[in-house]
1. Quick one: order 99, 80, 65 from most to least accessible surface, probe 1.4 Å.
2. Please compute the length gained on full extension between residue 64 and residue 129, using 0.36 nm multiplied by the number of residues separating them and subtracting their Cα-Cα distance.
3. At what distance in nm do the modelled label points of residue 30 and residue 87 sit from each other, each positioned 7 Å from its Cα along Cα→Cβ?
4. Given a Förster distance of 45 angstrom, what is the FRET efficiency for residue 113 paired with residue 56, based on the Cβ-Cβ distance and rounded to 0.05?
5. Would you kindly find the accessible area of residue 81, with a 1.4 Å probe and non-protein molecules such as ligands, DNA and RNA excluded, rounding to the nearest 10 Å²?
6. For a quick check of understanding: with a 1.4 angstrom probe and all protein chains in place, what accessible area in square angstrom does residue 119 have, to the nearest ten?
7. I'd like the Karplus ³J(HN,Hα) series for segment 80-85: coefficients 6.51, -1.76, 1.60, θ = phi - 60°, whole numbers in Hz, and an x wherever there's a Gly or Pro.
8. Once ligands and nucleic acids are excluded and a 1.4 Å probe is used, how much of residue 102 is accessible, expressed in Å² to the nearest 10?
Amino acid sequence: RLVEYSQHIASFFNKASNSFLSDITLLPMCALAEEWLFRWLPMFIFFTILGVFIKIGRVDDEKRSKIEKYGLAAIVIISSVIFGLVHGNGFNILIQGVSGVIFSMFYLRTLYRRREAGKKHKVQFVPLLSSTVYHTLSNIPIMWVAGAICGIVYLRKQRRARKQAEKSPVLEVAV
């Protein structure tokens with residue numbers, strides 16, 4: 001039994017090492033896709049529309065700061081709620097929604113620091129990169145814990161199945 005158990009553990013870690021390599025490549029790509037969809041794209045659309053209204057003279061500097069402040073707050077809340085919903089049920093709105101707000105704050109903090117430094121670009125890749133790095137780093141422990149839980153559940157199911165097989169009578173067929 002000890003040999004079988006060690007073989008199960010070895011196969012689990014072999015799968016985990018393959019999974020680790022895929023996690024290293026998939027986690028940043030998934031985080032980048034989510035950050036692009038839930039942070040960059042809504043804010044890009046907002047700033048583009050705001051820029052059009054500024055150019056045609058519908059929005060002055062006083063209105064701009066209020067529109068920017070409340071508009072960004074609305075975008076952060078709405079995109080974070082949608083981010084939570086995409087990840088699952090209503091409970092996920094709380095967990096991933098809060099993390100979505102945190103990722104948005106990283107994005108906006110980097111965006112405004114770059115603006116203050118005089119680095120204005122229409123396409124803001126550096127804020128996207130900062131929120132993506134934070135998103136990826138926050139997902140790594142979650143994926144490892146989920147993998148460990150799945151491994152433990154798998155081993156327990158294997159142990160139960162083995163015990164069940166030992167308890168069930170073996171039917172012999174007469175030839």
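1. If we order 99, 80, 65 from most to least accessible, we get 65, 99, 80.
2. 20.8 nm
3. Going from the residue 30 label point to the residue 87 one covers 1.1 nm.
4. 0.95
5. Rounded to the nearest 10, that gives 60 Å².
6. 100 Å²
7. 6, 5, 5, 4, x, 5
8. 70 Å²
The values are calculated or read from the model by the stated rules, or taken from the named source; none is laboratory data. From a predicted model like this one, the values you see are computed outputs, not experimental measurements. All Cβ positions, glycine included, derive from the backbone under ideal geometry; neighbour counts span all protein chains shown. Note: areas computed on protein heavy atoms with side chains; ligands, DNA, RNA excluded. Shrake-Rupley method; radii C 1.70, N 1.55, O 1.52, S 1.80 Å.
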